[in-house]
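What follows is one structure encoded as structure tokens, with my remarks underneath.
The values are calculated or read from the model by the stated rules, or taken from the named source; none is laboratory data. Being a predicted model, the structure only gives us computed values, none of them experimental. Every residue, glycine as well, gets a Cβ built from its backbone with ideal geometry; the counts of neighbours run over all protein chains shown.
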Amino acid sequence: MEKGELYITTSCVIRDNQITRNGALLWETSPEMELPDFLRAAYDHFSGQYPKFHKMDNLCKLGWLATEVLLQDKPLAGYAPEETGLILTNRSASLDTDLKYYSTVKEFPSPALFVYTLPNIVMGEISIRHGFKGENIFFTTDHFDMELITAYAEQLFSENAVSACICGWIEVMNQQYEVILHLVEKDKQTYN
């Protein structure tokens, strides 16, 4: 595969209590709103139809919500479930939830938190929601490493392992969070 055959057809960024798609601000709340409240309000605004959302940890909620926004006007129904891949990265893995879980071990360990003590669970939540069954990987890196993600995506596409791939960064630690997701396809057409 020659470089340049893959295109970012849609993007979503969530940070500073703002959600953008393709560079356009879609929704925002007061900067003082705490992360759990922001996530609940964003869920109500963009979806509100997936009760399992309320059981997820913050990492999963962020990834799930960003994917909802990313695919809002472009669902991937044209691809077979095994043709859609996920390449995600972050800095803290699931440490935000691990610390919360560890604090419950002193009294009674919370099985509801334990479920989320692996960073790749966010991929499972996204895949369940959208029926994805393609290749997926979760990297932990010091920063948003576009070169790593690009190289891995190019490899998946060159091997015809995927026809579409959601790639990006989903980081959360305490009240600090950032999500940058891109939908990558061979088709150059973009969607707003």
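Restricting attention to region 138-174, the residues that are closer than 22 Å to Phe53 by Cα and hydrophobic (A, V, I, L, M, F, W, C) total 7. One residue stands out in region 90-127 among those that are assigned to a helix (DSSP H, G or I) and in contact (Cβ under 8 Å) with a residue 60 or more places away in the chain: the one that is surrounded by the most Cβ atoms within 10 Å (Cβ to Cβ), namely Val122. If you filter region 49-89 down to residues that are modelled with pLDDT under 95 and closer than 19 Å to Gln18 by Cβ, you find that the one that is surrounded by the most Cβ atoms within 10 Å (Cβ to Cβ) is Gln72.
Taken over region 171-192, the criterion of being at pLDDT 95 or above, of a type outside the set (Ser, Thr, Tyr) and out of contact with any Cys (no Cβ under 9 Å at 6 or more places or on another chain) is satisfied by Glu171, Val172, Met173, Gln176, Glu178.
Given the structure, is Glu154 closer than 22 Å to Tyr79 by Cβ, of a type outside the set (Gly, Ala, Ser), touching a Gly at 6+ places or on another chain (Cβ under 9 Å) and not in a strand (DSSP E or B)? Spelling it out, it is not the case that Glu154 is closer than 22 Å to Tyr79 by Cβ, of a type outside the set (Gly, Ala, Ser), touching a Gly at 6+ places or on another chain (Cβ under 9 Å) and not in a strand (DSSP E or B).
Assess whether Val115 counts as being more than 21 Å from Val13 (Cβ to Cβ), in contact with a strand residue (DSSP E or B) (Cβ under 7 Å, 6 or more places away or on another chain) and among the aliphatic types (A, V, I, L, M). In short, no. If I go through region 43-66 residue by residue, how many of them are over 20 Å from Ser92 (Cα atoms) and either in contact (Cβ under 8 Å) with a residue 24 or more places away in the chain or under 11 Å from the mean Cα position of the chain (by Cα) (or both)? The total comes to 4. In the set Glu135, Glu159, only one residue is among the charged types (D, E, K, R), free of Cβ contacts under 8 Å to residues at least 24 places away in the same chain and over 18 Å from Ala66 (Cβ atoms); that residue is Glu159.
Entry remark, region 4-32: residues being of a type in the set (A, V, I, L, M) and without any contact (Cβ under 8 Å) to a residue 60 or more places away in the chain number 3 in total. From the residues in region 35-51 that are among the aromatic types (Phe, Trp, Tyr) and in contact with a helix residue (DSSP H, G or I) (Cβ under 8 Å, 6 or more places away or on another chain), which one is farthest from Gln176 (Cα to Cα)? Among those residues, the one meeting the criterion is Tyr50.
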